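Down below is the structure, laid out as structure tokens.
The values are calculated or read from the model by the stated rules, or taken from the named source; none is laboratory data. Predicted model, so just to flag it, every value in this text is computed and none were measured. Virtual Cβ from ideal backbone geometry, glycine too; neighbours counted across all protein chains shown.
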Amino acid sequence: MFDPRYATGLTGQVVRRLDAFNQRHPWSHNDHFHGWILRRLPPARRTALDVGCGRGQLVEALAGRFEQVDGIDRDAEMARLAGERLAADPRVTIRQTPFAQVTGAYDLITMVAVLHHLELEPALAHARDLLAPGGRLLVVGLARVSTPLDLAWELTSAMINPLVGMVKHPRADTSGPRRPPFPVLDPALTYGEIRAGARRELPGAHQRRQLHFRYTLDWTKPEPPRVL
């Protein structure tokens, strides 16, 4: 996401004013993409895994569509909050565990603002191995700005952000800046580097830049060839 601290001149003034406005009308960019995920669920809906489940909002949404949903987070506080939120749902299991230690087979794996916390190619390879044939990986990610095209998308997102904030959070929040409710980390890899890694580990994956400072990636594990 474009950092207003590094903008200079007239552009810096505009970006900082937009940032101040956004602070008064906050909304979750990550939750915004839950709809993108729910529109792309695989045909088989037995098991799902949400990696970096945070407070469990996406797990809760998936629980009404799958027989079993596992949510994992390596942060103890996030796992605790998600566990408390979904304790009464027998379809849900929440665990504090690293993604690399997960075993099993899943029809869906989701990662929202999580992949940049992991080592890219090993994480994609592990997701590929965990997916059942026909299973789907859906990623909403962040990438480091490195090209003029990246910057154009970031600035466009910054301009649109206040409009979305007014719709989603019309009443101004005057309590001042708040700490994010989950661990944050600036992305180290560029969009191009992520695309190259995905091509190596997930041939045929679809990756797209999106507004709201995110990109999306989706991949479906091929079915094995039928024996005639």
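Determine if the range 51-60 includes at least one residue that is closer than 25 Å to residue 201 by Cβ and basic (Lys, Arg).
No - not one qualifying residue is present in the range 51-60.
Can you name the residue in the range 34-50 that is assigned to a strand (DSSP E or B) and not acidic (Asp, Glu) and, of all such residues, is surrounded by the fewest Cβ atoms within 10 Å (Cβ to Cβ)?
My answer is 47.
Taking the residues in the range 128-148 that are touching a residue at least 40 places away in the same chain (Cβ under 8 Å) and assigned to a helix (DSSP H, G or I) as candidates, determine which candidate is nearest to residue 44 (Cα to Cα).
Among those residues, the one meeting the criterion is 130.
Of all residues in the range 212-228, count the ones that are surrounded by fewer than 16 Cβ atoms within 10 Å (Cβ to Cβ) and either at pLDDT below 95 or in contact with a helix residue (DSSP H, G or I) (Cβ under 7 Å, 6 or more places away or on another chain) (or both). Outline the logic, then answer.
First, pick out the residues of the range 212-228 that are surrounded by fewer than 16 Cβ atoms within 10 Å (Cβ to Cβ): 222-228.
Going one step further and asking which of them are either at pLDDT below 95 or in contact with a helix residue (DSSP H, G or I) (Cβ under 7 Å, 6 or more places away or on another chain) (or both), we end up with 223-228.
Residues meeting the conditions: 6.
Sort through 83, 64, 35, 71 and tell me the only one that's more than 19 Å from residue 132 (Cβ to Cβ) and within 15 Å of the chain's Cα centre (by Cα). Walk me through it before giving the result.
Values: 83 fails: within 15 Å of the chain's Cα centre (by Cα); 64 fails: within 15 Å of the chain's Cα centre (by Cα); 71 fails: more than 19 Å from residue 132 (Cβ to Cβ).
So the residue among 83, 64, 35, 71 that is more than 19 Å from residue 132 (Cβ to Cβ) and within 15 Å of the chain's Cα centre (by Cα) is 35.
Starting from the range 61-82, keep only residues that are in contact (Cβ under 8 Å) with a residue 24 or more places away in the chain, then list their pairs with residues that are polar (S, T, N, Q) whose Cβ atoms are within a distance under 6 Å, requiring at least 6 positions of separation or different chains.
Qualifying pairs under 6 Å: 68/47; 70/93; 72/97; 79/96.
Find the residue count for the range 51-78, including only residues that are in a loop (DSSP other than H, G, I, E, B) and either more than 21 Å from residue 215 (Cβ to Cβ) or polar (S, T, N, Q) (or both).
Number satisfying all stated conditions: 9.
Name the residue, out of 152, 158, that is within 29 Å of residue 193 (Cα to Cα), modelled with pLDDT under 95, out of contact with any helix residue (DSSP H, G or I) (no Cβ under 7 Å at 6 or more places or on another chain) and not β-branched (Val, Ile, Thr).
152
Of these, 87, 100, which one is of a type outside the set (Phe, Trp, Tyr), surrounded by fewer than 15 Cβ atoms within 10 Å (Cβ to Cβ), without any contact (Cβ under 8 Å) to a residue 60 or more places away in the chain and not in a helix (DSSP H, G or I)?
87
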